[in-house]
Amino acid sequence: MRLTWKSTLVLAAVIGLIAFFGALVAQKAWAQAKGPADFDFDGKGSGKVVFSHEKHAAKSPKCTDCHTKVFKMAKGQRTALKMADMNTGQACGTCHDGKTAFSVKDQANCTKCHKKS
């Protein structure tokens, strides 16, 4: 089979379109895997707490390990976090139990999350 300049041009255009749409799909997948930007909570007198999705995803890459099991998923809403709940193994305390990750009950760990300005 002999290619003409027209068929070569059409083939190049098709390959270009496939590459373009492949790059779009890959970009969306990367954005989803990275997760949302860091956000902070008012830690009141103990200092602001900044939560990093990136750091936590590096330890547990499945979103469902936290979302829906530990935290409800509602776009634009955050779970109200209370140290009393964490101390009973809820919210952050689910993993920050001294076994899976450092314990929220150990006062020596407070500054790992709470940052005073």
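The values are calculated or read from the model by the stated rules, or taken from the named source; none is laboratory data. Here the structure is a predicted model, which means the values were calculated and not measured. Positions of Cβ are generated from backbone atoms using ideal geometry, with glycine treated the same way; all protein chains shown enter the neighbour counts.
Side notes on the structure shown:
- If you check Asp106, Asp65, Asp38 for being more than 16 Å from the chain's Cα centre (by Cα) and surrounded by 10 or more Cβ atoms within 10 Å (Cβ to Cβ), only one passes: Asp106.
- Filtered by the rule that a residue be of a type in the set (Ser, Thr, Tyr), in a helix (DSSP H, G or I) and either touching a Gly at 6+ places or on another chain (Cβ under 7 Å) or modelled with pLDDT of 85 or more (or both), segment 1-46 gives a lone residue, Ser46.
- Taken together, Asp85, Asp97 contain a single residue that is in a loop (DSSP other than H, G, I, E, B) and of a type in the set (Asp, Glu), which is Asp97.
- Ala19 of a type in the set (A, V, I, L, M, F, W, C), touching a Leu at 6+ places or on another chain (Cβ under 6 Å) and either over 25 Å from Ala108 (Cβ atoms) or surrounded by 11 or more Cβ atoms within 10 Å (Cβ to Cβ) (or both): no
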